[in-house]
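Beneath this line is the structure, given in structure tokens, with notes to follow.
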Amino acid sequence: MGGPEMAPHTPQRSGAPGEAGGPLYNRGIGNGFVPVAKTSEVAPGAMKWVVIDRERVVVANVDGVFYALRDSCGHQGAPLSTGTLMGYVIECPLHFACFDARTGELLNGPVSADVPTYQVLVEGDTVYVKR
């Protein structure tokens with residue numbers, strides 16, 4: 001992997017367009033991005049929960065692209081990281097609400113709100129998430 005790999009960007013969603021080359025600080029690391037995992041720790045189709053500023057965040061690998069969401073279903077606070085990742089869909093383990101891992105959008109279930117997401121940056125073998 002030559003340069004940073006970034007997830008698509010929409011406001012308040014995972015990922016942001018990056019700049020090729022230049023120091024990491026100019027690309028955002030040091031501007032709120034924190035290292036959370038090695039790419040080898042989260043295989044495609046897998047999830048891992050991490051803690052950023054005392055908040056649980058689930059990092060999901062969807063076909064080699066990393067996404068980060070709050071690790072809490074809005075219905076009863078169940079950790080999404082203990083649910084199932086099928087393609088880009090995370091299913092809550094408690095009442096089976098489904099969310100788009102790429103956007104945090106609620107797809108179906110007994111919840112009325114989307115799950116907040118975080119910008120993700122991959123540099124070398126390290127996954128970074130913006131606080």
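Read-outs throughout are calculated quantities, based only on the coordinates presented, and are distinct from any laboratory measurement. Not measured: the values here are computed from a predicted model. Don't worry about glycine lacking a Cβ; one is built from the backbone with ideal geometry, like all the others, and counts go over all protein chains shown.
Points worth noting:
- Applying a DSSP loop filter and a limit of 15 other Cβ atoms within 10 Å to the chymotrypsin sites (Phe, Trp or Tyr not before Pro) in region 37-97 leaves F96.
- Rounded Å value of the spacing that divides the Cα centres of region 31-61 and region 62-131: 11 Å
- Sites matching trypsin sites (Lys or Arg not before Pro) across region 24-116 that sit in DSSP coil, with at most 12 neighbouring C-beta atoms within 10 Å: R54
- Cα gyration tensor shape of region 46-131, rounded if a/c is under 1.5, else prolate or oblate by comparing a/b with b/c: prolate
- Extension gain, R131-V34: 0.36 nm per intervening residue step, less the Cα-Cα distance, totals 34.2 nm.
- Placing a pseudo-label 7 Å from each Cα along the Cα-to-Cβ vector at I52 and N108 gives an inter-label distance of 3.0 nm.
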